[in-house]
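Participant: Below: one structure in structure tokens.
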2 protein chains.
Amino acid sequence: MARHRCGQTCPVATNPPSNAAIPAAAAIPAVAVSVDVVLLTLRSGRLCVLVSQRATEPFCGSWALPGGFVAADEDLDSSARRQLAEETGVTTTGHLEQLRTYGCPHRDPRTRVVSVAYLALLPNLPQPTTGRDGQHARWWPVEDLGSADGPTLAFDHPQIVADGVERARGKLEYTPLAAAFCEEPFTLADLRRVYEAAWGVVLDPPNFRRKVLSTPGFVVAVGQRSSPRGGGRPAELYRLGSATALHPPLLRRSV
Amino acid sequence: MARHRCGQTCPVATNPPSNAAIPAAAAIPAVAVSVDVVLLTLRSGRLCVLVSQRATEPFCGSWALPGGFVAADEDLDSSARRQLAEETGVTTTGHLEQLRTYGCPHRDPRTRVVSVAYLALLPNLPQPTTGRDGQHARWWPVEDLGSADGPTLAFDHPQIVADGVERARGKLEYTPLAAAFCEEPFTLADLRRVYEAAWGVVLDPPNFRRKVLSTPGFVVAVGQRSSPRGGGRPAELYRLGSATALHPPLLRRSV
DNA sequence: ACAAAAGTGTTCCCCTTACACCCATGT
DNA sequence: ACATGGGTGTAAGGGGAACACTTTTGT
């Protein structure tokens, strides 16, 4: 047992590190690692993110992403799922992916916190999401975030949300990710509305239909029809297929 | 001053945490944060990654990515640049971007290490890269990594390299990233060979030329011509332009 | 009957592709 | 002269955009 490069005692090799680019006598800095989740959903045609209001300093009264510290023997992905479950009650069957890591030294004014951000996509949840401490959590349309009547986000969470939204928007182009916003089975109109809400555009229904169906395995017909709400021909119902990529992609108008 | 959620004393609020999803009495686990860099370049038409041979346990004799621990007051990006400079002598003017964070609890057998991986792209370096400790560092063609006569990579570095290579390959499609592999000024053939090496395809020179030049700001002519090596008409020389994205993208053949 | 939404057909146009051909230089 | 690589021209085919039109439901 010895004290070496990792700054802790553990039962393996004791040679000085040759592969780590740190000064020989330097201690490994203490860093707290947290996970923050950008949870996006669609509510009445608007892309929304889940945030909860902070009751403590710093940033008391501001809104923050669900998140918390990674446990000792916990994988990062598992931690993200746990934070989501504890703070929203969602045992996610939806999409969850790592987004990016934020490690600016003073992003948390108290101590060094490196935060691994995740992106989660879910269909609209029927029940209002309540934090495990009963804290005030709510959905905010992402387009309201910069505006005057929108929420003030804590820490560097504005940047994290912006990165998450941009990732989601971009991935809609070349992955079947849009289905993560829909409850199965869904109609092609449901799927189209995901793109329209996320990109802020209007898509031509006939062309969208052909495009989606032309990619084998994007969606598969379930053999039933939806009950129309308020007139109109019933739509066929689909489930997400096994395709992992869209070829060719469904590109946004110029960027 | 008080002991609170971040596990350290600091001069701000003392209320119990309401926004962090950790058990009230739990200590913040000690985690070491490191940065590993996937440095890619092109050598004689092959995409290569820089690795250095470990001289200590664990994984003594295996090859590892350049990397090291993040310093106390150091930004993640700065840390990546520092590791690169210390281990390869490169003061990167090339491309550097965050790749992904790897935090599996036992990815390092000694202690918990969360590693933020970076992707760096550089033109072929004339001098052989030597580590700051004189350690054995060399380029390996990425296609040799899985093979029998290729190197054995330490830790989860095979996964990190694979992710980095895939990121680079994908980003060539819709960003001007290929120019990061070329020393300026470069010819369009140089640029084309980047795509051919990275994707393992053969591209039609006339069509490639039109495609590249049709995106305004991808490359700009410098008004000179290259001296041909071994016959052939001299090519026009270009520099990277100001465009940040390719519209429409230069797509790979089906995936 | 009318409105509304789903779905089909059709045309135009741009981009990609493939390949023939010309240009400029080294040997 | 010939090989080599840079660069231009051009015709065929695929996919996207736009929109007319048909189908099926609710009111």
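Participant: Between A:Arg233, A:Arg82, A:Arg193, find the one with the highest GNM mean-square fluctuation for chain A; connect C-alpha pairs within less than 10 Å.
Facilitator: A:Arg233
Participant: Computed on protein heavy atoms with a 1.4 Å probe, what is the summed buried accessible area for the chain pair A and B, in Å² to the nearest 100?
Facilitator: That pair hides around 5200 Å² of surface in total.
Participant: Mind listing the label-point distances from A:Val201 to the same position on all other copies, shortest first, one decimal in nm, points 7 Å along Cα→Cβ?
Facilitator: So the label point of A:Val201 gives 2.2 nm to the other copies.
Participant: Can you pull the Kirkwood radius for chain A, inverse mean 1/r over Cα pairs, to one decimal in Å?
Facilitator: Hydrodynamic radius (Kirkwood, Cα pairs) of chain A is 20.6 Å.
Participant: Shifting gears a bit: Could you quickly flag the chain B residue whose beta carbon comes closest to the rotation axis taking B to A, and that distance in whole angstrom?
Facilitator: Closest to the axis: B:Thr101, 2.
Participant: Using the Cα centre as the reference, give the magnitude of the dipole from point charges on the C-beta atoms of the range A:166-255 (Lys, Arg: +1; Asp, Glu: -1; all else neutral), rounded to the nearest 20 debye. Provide the component values of the computation, followed by the final result.
Facilitator: Working: 14 positive and 8 negative charges, 36 e Å.
It comes to approximately 180 debye.
Participant: Please give the charge dipole size of the range B:32-171, origin at the Cα centre, charges +1 on K and R Cβ atoms and -1 on D and E Cβ atoms. Round to the nearest 20 debye.
Facilitator: Values: 14 positive and 17 negative charges, 43 e Å.
In debye, rounded to 20, the range B:32-171 gives about 200.
Participant: Further question: Quote to one decimal, in nm, the extra length available between A:Ser78 and A:Ser62 on full extension: 0.36 nm per residue of separation minus the C-alpha distance between them.
Facilitator: 3.1 nm
Participant: Which of rounded, prolate, oblate describes the range A:184-240, given a ≥ b ≥ c as roots of the alpha-carbon gyration tensor eigenvalues and a/c under 1.5 marking rounded, otherwise prolate only if a/b is larger than b/c?
Facilitator: Cα axes put the range A:184-240 in the oblate bin.
Participant: I've got another one for you. Is the range B:216-255 best put as rounded, prolate or oblate by its Cα gyration tensor, with a ≥ b ≥ c the root eigenvalues, rounded for a/c under 1.5, and otherwise prolate when a/b is larger than b/c, oblate when not?
Facilitator: Oblate, because a/c is 1.5 or more while a/b does not exceed b/c.
Participant: Which lysines, if any, have their Cα less than 20 Å from the Cα of B:Lys211, not counting same-chain residues under 8 positions apart?
Facilitator: B:Lys171
Participant: Roughly how many Å is it from the Cα centre of the range A:52-81 to that of the range B:146-223, as a whole number?
Facilitator: So the two Cα centres are separated by 38 Å.
Participant: Distances from A:Gly45 to the same position in the other copies: list them in nm, one decimal, shortest first, using label points 7 Å from Cα along Cα→Cβ.
Facilitator: The projected label point of A:Gly45 is separated from its counterparts by 5.7 nm.
Participant: Of A:Asp190, A:Asp204, A:Asp36, which has the largest mean-square fluctuation in a 10 Å C-alpha GNM of chain A?
Facilitator: Per the Cα network of chain A with a 10 Å cutoff, A:Asp204 tops the list.
Participant: Quantify, in whole percent, the carbon and sulfur part of the accessible surface of chain B (1.4 Å probe; protein heavy atoms only). Write out the running numbers ahead of the final one.
Facilitator: Values: 6010 of 11570 Å².
On chain B, the fraction of accessible area on carbon and sulfur atoms equals 52 percent.
Participant: Once you have the Kirkwood Rh of the protein assembly as shown from its Cα pairs, apply Stokes-Einstein at 4 °C and 1.567 mPa s and quote D in µm²/s.
Facilitator: 51 µm²/s
Participant: Using only DSSP helix segments of four residues or longer, with each worth -39500 (n - 2.57), what per-residue ellipticity at 222 nm results for the protein assembly as shown after dividing by its residue count and rounding to 500?
Facilitator: -6500 deg cm²/dmol
Participant: Moving to a separate point now. Mind running the shape call on the range B:32-171? Use the C-alpha gyration tensor, a ≥ b ≥ c as the square roots of the eigenvalues: rounded below 1.5 for a/c, prolate if a/b tops b/c, oblate otherwise.
Facilitator: rounded
Participant: Something else about it: Pick from B:Leu39, B:Leu121, B:Leu76 the residue whose mean-square fluctuation is largest in a GNM of chain B, springs joining Cα atoms under 10 Å.
Facilitator: B:Leu76
Participant: In the range B:148-225, what GluC sites (Glu not before Pro) fall in a loop by DSSP, with at most 14 other Cβ atoms inside 10 Å?
Facilitator: Here the GluC sites (Glu not before Pro) that fit, given the DSSP loop and packing criteria, are B:Glu183.
Participant: Return the residues of the range B:102-124 for which accessible area with all protein chains present is lower than in the chain on its own by 50 Å² or more; set the probe to 1.4 Å and exclude ligands, DNA and RNA.
Facilitator: So the qualifying set is B:Arg110, B:Thr111, B:Arg112.
Participant: Accessible area per residue of the protein assembly as shown at 1.4 Å probe, in Å²? Write out the running numbers ahead of the final one.
Facilitator: Numbers: 23140 Å² over 510 residues.
The answer is 45 Å² per residue.
The values are calculated or read from the model by the stated rules, or taken from the named source; none is laboratory data. Here the structure is a predicted model, which is why all the values come from computation and not from measurement. We place every Cβ from the backbone using ideal geometry, glycine too, and count neighbours over all the protein chains shown. Note: areas computed on protein heavy atoms with side chains; ligands, DNA, RNA excluded. Shrake-Rupley method; radii C 1.70, N 1.55, O 1.52, S 1.80 Å.
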